[in-house]
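Contents: one structure, followed by commentary.
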Amino acid sequence: MENQKPKKSFGQWIKTSITIRMLMVGILILVLLIPLSYIKSLIQERSIRQEQTVVSDINQKWGNQVMLYGPILKIPYQTHKIKKTWDEKTKSYTEEDIITVHHAFFFPDLLDIKANVTSDTLKRGIYKSPVYTSDMKIKGSFSIPSFDTQDIAEEDILWDKSTIILNSTNLKGIKSNLQLKLGTENYLLQSKYSKNSYTNTLETKFLNENSWPKEKAIDFNLDLIINGSNQLKFIPVGKETNVSITSDWASPKFDGNYLPDPKTKSITEKGFKASWKVLQVNREFEQEFFGELPHINSSAFGVKFIVPVDDYQKSERTAKYGYLVIALTFLVFFLIQTISKINIHPFQYLMIGLALTMFYTLLISISEHSSFLYAYLIAGTSVVVLISIYTKAILRSFKFMAMISTSLTALYAFIFVIIQLEDYALLVGSIGLFLILGTIMMVSRKIDWGNDGV
């Protein structure tokens, strides 16, 4: 009879079975997803704190987002209502003319805005926020206003009470006296409180007769320097609205109801340029309103000044690869254990996994006090050195220690490259994972997967 290999006892099979090892590694990976989820929650919490408390406080003091609505010609007018009252003494009706004053608002025919935006970054402690100062040149013209649609007599139009108004979401950021030149006259725009207004209003004094667009169109000019943050937007109130923005901010996001002309748009590392042209036919509202100004914020357009990937976003994106780092590291140890027949206890796998999760807590805590690059280098180096020393202790081999340290270093470097990218992150990540899978498939050929029975 041929010699037969003695069957393994159940206890020996548990210790040496490749299947059991794979199940054990899989269970440990699932267990380690629990601390990883807590780390992701911590990163999100710190990011929300930055956005809701520190950054909002910085922006409020410097100047919040800017949206301009105007200039607008405001002309009061009178309406008449005859009230009849019966007089018992005279046995007849008496008539009373009740006069009510309303306001008409006329948008300019032409609105041309050129904005030169200088950006900066303000810091408070470990937090920072992008801000800007915009130097604007605003010019345009008002045509002769028409009251025909309201059937208002000429004598009921109160030309001597007409004004120019400009609405803005941010008065605190204005850094220049606003002298509006209307025709040949200059008018100072001053704040005017209105409890029913959804924006802050600036208004001139009553226009004199030389500034009325009563018989002919009249031009206006205005220089405005304003501090702001996050975004700069305009409402296209002109029958033709032209806006041109030049800035040194390299990561703009063009936002709102209209996009800039692609032929004029240019984005480089030194900044961006963009121009918009919006005609009346492109809008959803007319050129004049009677009674009150409409809420037309939805028609605003402009640019957002964004940080493409800030430190918290980078940390969060890095943490999303946590399960991949743990799984691949465990897989390397599993292949070493299976090929070399060295026994690695589940507790040792757990210690290695916890060391890998510590990378993310080190990363987020150090990055709050230093640059993300230094934080990543310190956290990555610390974890790689710790696991390498531990590997030498449990595997007792410099060769395996070098293999583990090289694999971890390459993996952390690969993830760092991915999180720095924006447009090509998915492509580079997919190619990298494909190469990693190919390497693992080649190495796993040496494993005798059939020798796993009792």
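The values are calculated or read from the model by the stated rules, or taken from the named source; none is laboratory data. Given the structure is predicted, the values throughout are model-derived calculations rather than measurements. Every residue, glycine as well, gets a Cβ built from its backbone with ideal geometry; the counts of neighbours run over all protein chains shown. Heavy atoms of the whole protein, side chains included, go into the accessibility calculation; ligands, DNA and RNA do not. Shrake-Rupley method; radii C 1.70, N 1.55, O 1.52, S 1.80 Å.
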Open item on the list: Please count how many residues of the range 339-358 are assigned to a helix (DSSP H, G or I) and under 15 Å from residue 24 (Cβ atoms).
Closed with: 8
TODO: Kindly indicate the residue of the range 305-338 that is at pLDDT 75 or above and not in a helix (DSSP H, G or I) and also least open to solvent (accessible area, probe 1.4 Å) among those meeting that condition.
DONE: 305
Open item on the list: Just to be sure before I move on: is residue 294 at pLDDT 90 or above and not aliphatic (A, V, I, L, M) in the structure I sent?
Closed with: no
TODO: Look through 370, 397 and report the one residue that is polar (S, T, N, Q) and open to solvent by less than 40 Å² (accessible area, probe 1.4 Å).
DONE: 397
Open item on the list: For the range 400-414: of the residues being touching a residue at least 40 places away in the same chain (Cβ under 8 Å) and of a type in the set (Ser, Thr, Tyr), which is most open to solvent (accessible area, probe 1.4 Å)?
Closed with: 407
- [ ] Collect the residues in the range 236-268 that are small (Gly, Ala, Ser) and within 30 Å of residue 144 (Cβ to Cβ), keeping them in residue-number order.
- [x] 238, 244
Open item on the list: Here is a list: 419, 378. Which entry is over 24 Å from residue 347 (Cβ atoms) and either surrounded by fewer than 19 Cβ atoms within 10 Å (Cβ to Cβ) or in contact with a Phe, Trp or Tyr (Cβ under 7 Å, 6 or more places away or on another chain) (or both)?
Closed with: 378
TODO: Could you run through the range 257-281 and say how many residues are closer than 27 Å to residue 104 by Cβ, out of contact with any helix residue (DSSP H, G or I) (no Cβ under 8 Å at 6 or more places or on another chain) and buried (at least 20 other Cβ atoms within 10 Å of the Cβ)?
DONE: 1
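Mind checking which strands (runs of 3 or more DSSP E) fall wholly inside the range 166-227 and carry at least 3 residues that are out of contact with any Pro (no Cβ under 8 Å at 6 or more places or on another chain) and modelled with pLDDT of 85 or more?
In the range 166-227, 179-182, 185-188, 200-203 are the strands (runs of 3 or more DSSP E) which contain 3 or more residues that are out of contact with any Pro (no Cβ under 8 Å at 6 or more places or on another chain) and modelled with pLDDT of 85 or more.
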Open item on the list: Consider the range 71-93. How many of its residues are hydrophobic (A, V, I, L, M, F, W, C) and either surrounded by 10 or more Cβ atoms within 10 Å (Cβ to Cβ) or touching a Leu at 6+ places or on another chain (Cβ under 8 Å) (or both)?
Closed with: 3
Task: Options 219, 248, 223, 255: the member that is charged (D, E, K, R) and out of contact with any Gly (no Cβ under 8 Å at 6 or more places or on another chain) - done: 223
Open item on the list: If residue 250 meets every condition in (1) surrounded by 21 or more Cβ atoms within 10 Å (Cβ to Cβ); (2) within 19 Å of the chain's Cα centre (by Cα) apart from one, which number is that one?
Closed with: (1)
Open item on the list: Please verify whether residue 244 is in contact with an Asp or Glu (Cβ under 8 Å, 6 or more places away or on another chain) and surrounded by 13 or more Cβ atoms within 10 Å (Cβ to Cβ), treating the condition exactly as stated.
Closed with: no
- [ ] Give me the pairs, please: first residue somewhere in the range 326-349 and within 25 Å of residue 433 (Cβ to Cβ), second residue anywhere and open to solvent by 30 Å² or more (accessible area, probe 1.4 Å) and not hydroxyl-bearing (Ser, Thr, Tyr), beta-carbon distance under 6 Å, and either six or more positions apart or on two chains.
- [x] 326/29; 327/29; 335/443; 339/446
Task: Those residues of the range 82-124 which are modelled with pLDDT under 75 and in contact with a helix residue (DSSP H, G or I) (Cβ under 7 Å, 6 or more places away or on another chain), in sequence order - done: 124
Open item on the list: Can you confirm whether residue 349 is buried (at least 21 other Cβ atoms within 10 Å of the Cβ) and over 20 Å from residue 391 (Cα atoms)?
Closed with: no
- [ ] Output yes when any residue across the range 115-125 is closer than 19 Å to residue 70 by Cβ and surrounded by fewer than 21 Cβ atoms within 10 Å (Cβ to Cβ), and no when none is.
- [x] no
Open item on the list: Let me spell it out: the conditions are (1) out of contact with any helix residue (DSSP H, G or I) (no Cβ under 7 Å at 6 or more places or on another chain); (2) free of Cβ contacts under 8 Å to residues at least 40 places away in the same chain, and residue 284 meets all of them except one. Which number is the exception?
Closed with: (1)
